[in-house]
Amino acid sequence: MAAGGDLRSLAAVVAATTACMAYARFAARRLRPGLPRLAALLPALAFLPFLPLAFRALHPRAISAFFLAWIAEFRLLLLAAGQGPLHPSLSLPAFVAIAVFPVTRREDPRKTKTASAAAARPGLGLAESAAMAALLAAIVSLEDRVSGYALLALYSLHVYLALELVLASSAAAARALLGVDLEPQFDRPYLSSSLRDFWGRRWNLAVSALLRDCVFLPVRVRLGGAVPLAVLAAFFVSGLMHEAMFSYITLQPPTGEALAFFALHGACAVAEGWWARQHERWPRPPRAVAAPMTVAFVGVTAFWLFFPPITRPGADKQVVAESEAMVAFVKDAAGWAAASARSILSRPPPLVG
């Protein structure tokens, strides 16, 4: 019953999102960038965050919240300022895809150091995607058999693999259907040599680019090049958005823990940058040492502040249950397809004559 309801909700959300973006595209065509365009876009900005609440299941609610209440909101704000990859001259399907998914126009000249470096590594191939999906299925099967820190470690891998697969698959579908380019997603975050490397160059790069364009650069310009304050502002906004994402997941009010997690990491990233500038001539630790230390710091602080708002109300149990149901469905579908193929191949050829 819930699945059927969510399928109807999906159709309604797609239709409502398309209508919102059609209005935003129309308004952007009629108004120049600035306050008039922002005022015209306010109805769409106010309406989009409510759409994910149409889903009863956690996974579609969380995924649609990320696409509609984060990516789409920030890109519409950039459109209001005449920046970003959205442009009213785009066709409506391309406008919707670029507003919602981590893709960009092929002719878009925006090329940052982060994007260029990550683009050197190709997106997920079929074999890599299959391997990640198999690993995710194995992790899901283990999550109800362990507890404590081992369970939290599995949750960390679950989050990384799920994000990698969801973002890459949605962007690949948009590229195949609309001819738009994928934005870089992840660039082997387990090799991060520092917190700045982890958050700025390797983890969820589509979000990093949005935070850079919407928060870091405007704050830095307004404060006369104050990079540390701009970094803190970007981490603060990221914390607020994660609080919102967690509320979509748990349907509970924000706890402040995700905000504290990102405020801590922002302060540590600023301190890390200050230390690097003050000790430029000091030798850097080798990646074999720096990467495990960085990942360990992220993991320990995530166990302390990031995961409790999800595990405390039991949302993690719902994630595991839905994931297990999804894995079982895929196995059953694969078994049915294999049986059907064997049945077809085992039939004797028709007699001719």
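Values for this structure:
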| item | result |
| --- | --- |
| Residues of the range 47-62 satisfying the condition of being modelled with pLDDT of 95 or more and surrounded by fewer than 17 Cβ atoms within 10 Å (Cβ to Cβ) | F47, P49, F50, L53 |
| Residue satisfying condition, being crowded, with 17+ Cβ neighbours inside 10 Å and within 30 Å of D316 (Cβ to Cβ), within set A44, A65 | A65 |
| Matching residues in the range 15-29 - criterion: being open to solvent by 80 Å² or more (accessible area, probe 1.4 Å) and out of contact with any helix residue (DSSP H, G or I) (no Cβ under 8 Å at 6 or more places or on another chain) | F26, R29 |
| Residue within the range 45-56 that is within 20 Å of F74 (Cβ to Cβ) and among the basic types (K, R) present | no |
| Residue among A172, A271 that is part of a helix (DSSP H, G or I) and either in contact (Cβ under 8 Å) with a residue 12 or more places away in the chain or touching a helix residue (DSSP H, G or I) at 6+ places or on another chain (Cβ under 8 Å) (or both) | A172 |
| Residue that is surrounded by the fewest Cβ atoms within 10 Å (Cβ to Cβ) [pool: residues in the range 222-260 that are under 24 Å from V320 (Cα atoms) and hydrophobic (A, V, I, L, M, F, W, C)] | L251 |
| Residue identified as touching a residue at least 12 places away in the same chain (Cβ under 8 Å) and more than 19 Å from the chain's Cα centre (by Cα) among V180, V227 | V227 |
| Qualifying positions in the range 192-201 - open to solvent by less than 30 Å² (accessible area, probe 1.4 Å) and assigned to a helix (DSSP H, G or I) | L195, D197, F198, G200 |
| Condition met for V180 (more than 23 Å from F235 (Cα to Cα), β-branched (V, I, T) and in contact with a strand residue (DSSP E or B) (Cβ under 8 Å, 6 or more places away or on another chain)) | yes |
| Hey, V219 in contact with a Pro (Cβ under 9 Å, 6 or more places away or on another chain), buried (at least 18 other Cβ atoms within 10 Å of the Cβ) and either small (G, A, S) or in a helix (DSSP H, G or I) (or both) or not | no |
| Count of the range 179-191 residues which are part of a helix (DSSP H, G or I) and buried (at least 19 other Cβ atoms within 10 Å of the Cβ) | 1 |
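The values are calculated or read from the model by the stated rules, or taken from the named source; none is laboratory data. This is a predicted model, so every value here is computed, not measured. When we count neighbours, we look across all protein chains shown, and the Cβ atoms used for this are built from the backbone with ideal geometry, even at glycine. Ligands, DNA and RNA are stripped out before the accessible areas are found, and what is left, the full protein with its side chains, is counted by its heavy atoms. Shrake-Rupley method; radii C 1.70, N 1.55, O 1.52, S 1.80 Å.
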